[in-house]
1. When the helices in the chain are scored as -39500 (n - 2.57) per DSSP H run of 4 or longer and the sum is shared across all residues, what 222 nm value do you end up with, to the nearest 500 deg cm²/dmol?
2. Compute the acute angle (0 to 90°) between the alpha-carbon long axis of helix 177-187 and the principal axis of greatest extent of the alpha-carbon atoms of the chain; round to the nearest 10°.
3. Can you pull the semi-axes for the range 1-106, root of five times each eigenvalue of the Cα gyration tensor, sorted largest first, whole Å?
4. Quick one: how many lysine pairs does the range 121-273 have with C-alpha atoms less than 24 Å apart and a gap of 8 or more or different chains? Give me the count, please.
5. Counting heavy atoms of the protein chains only and a 1.4 Å probe, report the per residue accessible area for the chain as a whole number of Å².
6. Taking amide H positions as placed in the peptide plane 1.01 Å from N, state which residues far from G15 in sequence (5 or more) or on other chains have amide H under 5 Å from it.
7. From the phi angles alone, apply the Karplus equation (6.51, -1.76, 1.60; θ = phi - 60°) to the range 24-38 and give each ³J(HN,Hα) in whole Hz, x where the residue is Gly or Pro.
8. For the chain, what does the equivalent ellipsoid look like in terms of its semi-axes, each the square root of 5 times an eigenvalue of the Cα gyration tensor, given largest first in whole Å?
Amino acid sequence: MKFCSVHTHSVLCDGKNTIAEMARAAFAAGAVSFGASGHSHTQISWDEGCVLPADPVEYRDEVLRLRKEYRGRMDVLLGIEWDSQSDQPPPDWADYWIGSVHNVYDEKAGVYHCVDWDEKKLEDCCREMYGGDYMAMVEGYYEEMARVAAMGPTILGHFDGVVKLNRQNRYFDEESAHYASAALEALHTADPKASLLEINTGAIFRGYRTTPYPAPFLLREWRKMGGRIIFTADAHSTAGIACAYAEAAELAKAEGFTEAVLLTRAGPLAYPL
């Protein structure tokens, strides 16, 4: 199966390997293209050391150096994973950007909360911002996801990432009509002609989940909307560079997709599953 790996992180944000090591792993695995997508800068305290600097000169220079190194052998793309609470807009220097929600902002209290860092931060978010109502927190997350989707990112990042820590419905019922309604309303904000929906396997590699994002019902709806998909590993180490892509492909086919997309320097390239 052809594949690309364009949702990746390095030691320049919260990854474990250098960008060069990540690119080398992608090439060795047979990737058509590799993309660096470091986390965009925020001013959030827990993001310090886990996001790119405000002016990521070293990051850009290294990706462009690798582009020259792999020219004619593998496309190397300069991307960014833009957080909804970034203090900067999606950069015009990026070949592509992934629109994601990791944090939400409590305007009344003037504080940020993270929904996918760990259980404590998630519980603090729900208690302090939503009065202990986890479904209200879910709705707040999807309102933020809808705002990002409406901006037309190249890739919609881990669309239902709010479920990352919700193993066995620990905090809320992912099968409920209330949950589905909030998620679908956000999905309908996205333009299927502008954005790709990623089937993201990163939480599988890191042991949080046994299935990729997003849920099957969201994939079914995206297909009905005429949307396209891309497989991403959300890799934070070389070992995860193409984690569980076969499982992602089976999920896509089960929900009626007959093709996926490679992100290349020439743009999105469809290929049959």
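The values are calculated or read from the model by the stated rules, or taken from the named source; none is laboratory data. Predicted model, so just to flag it, every value in this text is computed and none were measured. Glycine also receives a Cβ, built like all others from the backbone with ideal geometry; neighbour counts cover every protein chain displayed. Only protein heavy atoms, including side chains, enter the accessible area calculation; ligands, DNA and RNA are left aside. Shrake-Rupley method; radii C 1.70, N 1.55, O 1.52, S 1.80 Å.
1. Numbers: 8 runs with 86 residues, N = 273.
Taken over the chain, the calculation gives -9500 deg cm²/dmol.
2. Tilt relative to the chain: about 40 degrees.
3. Numbers: eigenvalues 123, 34, 30 Å².
After scaling each eigenvalue by five and taking roots: 25, 13, 12 Å.
4. Values: K121/K164; K164/K253; K193/K224; K193/K253; K224/K253.
Eligible lysine pairs with Cα atoms under 24 Å apart amount to 5.
5. Details: 11660 Å² over 273 residues.
Per residue, the chain has 43 Å² of solvent-accessible surface.
6. Distant-sequence amide H within range of G15: S10.
7. My calculation for the range 24-38 gives 4, 5, 5, 5, 5, 7, x, 5, 6, 8, 10, x, 8, 9, x Hz in order.
8. Working: eigenvalues 157, 100, 52 Å².
Computed over the chain, the values are 28, 22, 16 Å.
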